[in-house]
Amino acid sequence: MKKTSQQLIAFLLLLTISLSAFAQVEKNSLSLSISYYNSNNQTQYLVAHAKSKIDGKFQMIPNIPVSFYIGSKTPETLIGKGVTNEKGDALVFIPASAKDEWNKAAKVSFVVASPATKTFDEGEGTLDLTKAKLQIDTLADRKIVATLLELKDSIWTPVKAVDVRIAIKRMDADLNVAETPAYATDSLGVASADFKRDSLLGDSKGNLVLIAHVDDNDLYGNLSSEKTVPWGKSYTYISQFDKRTLFARRGKSPIWLELMAYSIVVAVWGILIYLFAQIRKLKQLGAA
Amino acid sequence: MESLAKQKITEDLLPQKFGKPGKIWVGVLLGFCAIGIIAYCQQLSKGLVVTAMRDYVSWGIYISNFVFFVAISLVGSLITAVLRLSDVHWSTPLTRIAEIIAVSAITCASIIIVVDMGRPERFYNLFLHGRLQSPIVWDVIVITTYFFVSILLLYFPLLPDLAILTKYKERTGARLHKLYSFLGSFWKNTPSQIHIGERAINILSVTIIPIAFAIHTVTSWLFATTYRPGWDSTNFGAYFISGAFLVGAGGVVVAMFVFRKAYKLENYIKEEHFDKMGKVLVLLALLYLYFNVNEFLVPAFKMKKSEEEHLLGLFTGEFAMVFWFAITTAMIIPILILIFKKGRKPLPAFVAGVLVVIGSWFKRYLIVTPTLLHPFLPMQDVPENYKHYFPTWQEWVIAMGSLAGALLIITLFARIFPIIPIQETITETEQHEKD
């Protein structure tokens, strides 16, 4: 009897250990983080990143529902909700309703949280941000200056020794204005660069968009600022759609192709018609 | 040849009625054609879904057949034009065989391309609304032109023979006599007619060579102007033309043997002809082998990632058996047979010719299908049958029907017209006797 009880206890113990081990394998811990973006001092948004260590590697986790909060994690401070995409990111724009909380102090915190799912534990991430703004302007001789200021005791104060990327905004990426992509701010918070891209195609009026970036800064997040300048070469797009090209529609083939093709066809069929005429001549000779 | 009298040559070379084997042969061919037509009717009513062609393999054995027919049709220009212009006289008995192969092949090439169309009733739009920039339109123009040039090249040398045939009404029968009279009764063999006829043949011989090169180069461009593994080649025009001459010459050797046996033409198609055609075949097989080495060795040496799957599929993968079969039967074995004098006797030369023709058909299949199964972008989210291609019975039957149709045209032509030029043989014999 005693032996049977011992066996039963051992079995239950083993089962508990197995189940807990199984549960551990099933559920992964989730790591959440937030990035802050301020685009051209106008649009502010937050991006949550969800990742988890699976098979020894960090992987981006999609389909995680996340909630964003400003200040602290309370229902009153909720500013938006989202679901992570295939890159593990979820984006939310900071709404006007968060204005009061935002204006409370020079520093602001954001919290992102996700509930536990079938495969992941609940997760939470925070971001402590110092309010800052980036400005871009131009001087004579095509000099570009970008100024970084942070809010200190209600006063915008220059920030020293922060890398600012100064570039020209193109369709799919930014193009450096000179050989160096980034410039450090001085004691006045100014980073300056010389524009060295002559004859760069702009819009129809030759306008280019200059852009300054502060990327992934621990204190200020991601900031950017833009300015349009007439430093480019004017470019007007001319559509090739209805021109005579090899890829054009019927009736719009290149003249050289038409000349070649039709002259070959006319020459060869001219010979054939001549030969058919010879058959007629042979008939006439035979009838004579 | 010297001892053969003019009368004997004429009587030997007059078209002969089918014997029992001939009737069976025609019956079999008609049977294949009929089954092919039935399958095509089914395809017409249900659409191309009855074939195994899907989104990826949209060109299956119909287009392989088309390329094969276009290739074999080039032999007309090789035997008739190139050898005539080179003042080679031994090929005289073979010219008509070559020309009728060319005409039948180009006819069936035109038919099979219509068969490949999902909506054949809209075919006329190619002529009305074709884009001149498209190689498909060039192909339509050049095939039509080549067809008429081949017909004329068949017709002009036939005129003196038609005049001879009209004199044998009792032997040929009333209906055929009517046909001969309609086609050539005006030929009186006068010096001015002979002059016009010879000039016309010379003009055609010069004209047909660039057209023949154009027809197969344009066919190769249908592939080479498309950016795909296996087709993205600057070698394709020359590669196709060399292959075309090879299969055409192989077809002529096969036809020579069959007509020689069936019509007892040993005095006209001699062992000498097999010997010389055998040498021509070796040269063409070596040339085609050279282009094949270029076509496969260079990309295999680089083994670009995007082409790797296609090339390995051919060398060691799912198409390896067909690939090595085609290379071996179309080139290597025929070279090994025909390089020896004994191999250029009629029977071994015939075997080599058959191997060339069969191997060449599979070679065309390999040019078309494996490439379509290996697009640059991976095949994703498609039904499993899109990823493989094996023709349905309808495709096989229609393809066989078109091959039977080509053979039927050649057979019926040989029944109606002399398969060896009578007048030219007489003239050459007389010339030979004079010399």
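Each value in this text was obtained by applying a stated rule to the coordinates, not by laboratory testing. These numbers come from a predicted model, not from an experiment. In this analysis, Cβ positions are derived from the backbone assuming ideal geometry, glycine residues included, and neighbour counts consider all displayed protein chains.
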Dipole moment magnitude, nearest 20 debye, the protein assembly as shown about Cα centre, only Lys, Arg, Asp, Glu C-beta charged: 2460
- request: For peptide A:255-263, compute the average count of partner chain beta-carbon atoms within 10 Å of each residue's beta-carbon.
  value: 1
- prompt: Using r as the Cβ-Cβ distance of residue B:340 and residue B:427, and R0 as 45 Å, what FRET efficiency do you calculate, to the nearest 0.05?
  reply: 0.85
message: Within 10 Å of each Cβ in B:180-186, how many Cβ atoms from other chains are there, averaged over the peptide?
response: 2
query: When chain A is treated as a GNM, springs tying every alpha-carbon pair under 10 Å, which of A:171, A:60, A:260 comes out with the largest mean-square fluctuation?
result: A:260
query: What is the packing order of peptides B:142-151, B:176-185, taking the mean over residues of other C-beta atoms within 10 Å and listing the highest first?
result: B:142-151, B:176-185
task: Return the whole-Å distance between the Cα centroid of the stretch B:403-427 and the Cα centroid of the stretch B:68-92.
output: 16
- prompt: Can you work out ³J(HN,Hα) from phi for every residue in the stretch B:234-249, in order, using Karplus 6.51 cos²θ - 1.76 cosθ + 1.60 and θ = phi - 60°, giving whole Hz and x for Gly and Pro?
  reply: 8, 8, 5, x, 5, 4, 5, 5, 5, x, 5, 4, 5, 5, x, 5
- line: Exposed GluC sites (Glu not before Pro) being those in a DSSP loop with at most 15 other Cβ atoms within 10 Å, the longest stretch of chain B free of them is B:3-265
- prompt: Longest span of chain A, sites excluded, free of GluC sites (Glu not before Pro) in DSSP loop with at most 12 other C-beta atoms within 10 Å?
  reply: A:180-288
message: Just to confirm my numbers, what's the Cα centroid distance between the stretch A:203-234 and the stretch A:170-200 in Å?
response: 9
message: Please arrange B:187, A:102 by how many other C-beta atoms lie within 10 Å of their C-beta, fewest to most.
response: A:102, B:187
- prompt: So how do B:54, A:250 line up by other beta-carbon neighbours within 10 Å, fewest first?
  reply: A:250, B:54
- prompt: Can you pull the mean other chain C-beta count within 10 Å for peptide A:275-283?
  reply: 6
statement: Per GNM of chain B with C-alpha springs under 10 angstrom, the most fluctuating residue out of B:382, B:57, B:354 is B:382
- request: For residue A:176, enumerate residues with amide H under 5 Å from its amide H, sequence gap 5+ or separate chain, H modeled in the peptide plane.
  value: A:168
message: If you average the alpha carbon positions of the stretch A:45-110 and of the stretch B:305-352, how far apart do those two centres end up, in angstrom?
response: 66
task: Using a 10 angstrom cutoff on alpha carbons, build the Gaussian network for chain B and name the most mobile of B:372, B:336, B:283.
output: B:336
